[in-house]
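Each remark here refers to the structure printed beneath this line.
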Amino acid sequence: MLTIKELSAWLHIKPSTLYLWASQNKIPCCRIHGLIRFDPDAIQAWLNSFGVTSGKPLSLNTRHVGRDLDPLIEAAKRAVYTPHGETRPTASPHGKESNDGAR
């Protein structure tokens with residue numbers, strides 16, 4: 001059984017969309033003690049019902065999505081934050097400081 005997070009990664013849609021579809025019974029799901037779960041075979045059958053003609057069924061990607069983003073997030077943090085956790089000063093591209101009377 002797949003979680004909301006796993007299915008959203010598989011289908012490349014937002015978790016909030018899955019919650020909405022599940023509440024409207026637009027997607028096959030099971031509710032187990034208040035948790036929404038999805039049967040991969042039922043989801044594949046549901047996808048096939050839309051008549052996708054690519055000939056290749058979607059496959060569940062089993063790698064951890066977050067691990068691929070970690071290096072990118074770390075690089076972005078290094079570009080913005082100093083080693084002391086403060087943001088690096090940047091100049092406004094429009095000279096807003098001088099227009100607002102800042103010195």
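The values are calculated or read from the model by the stated rules, or taken from the named source; none is laboratory data. Here the structure is a predicted model, which means the values were calculated and not measured. Heads up, the Cβs are rebuilt from the backbone with ideal geometry, glycines too, and the neighbour counts pull from every protein chain shown. Heads up: the accessible areas ignore ligands, DNA and RNA and are worked out on the full protein's heavy atoms, side chains in. Shrake-Rupley method; radii C 1.70, N 1.55, O 1.52, S 1.80 Å.
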Peptides 13-21, 70-78 ordered by average Cβ neighbours within 10 Å, highest first: 13-21, 70-78
If 33, 12 are ordered by their accessible area, calculated over protein heavy atoms with a 1.4 Å probe, which sequence runs from highest to lowest? 33, 12
How do 37, 31 stack up against each other in accessible area, from largest to smallest, with a 1.4 angstrom probe? 31, 37
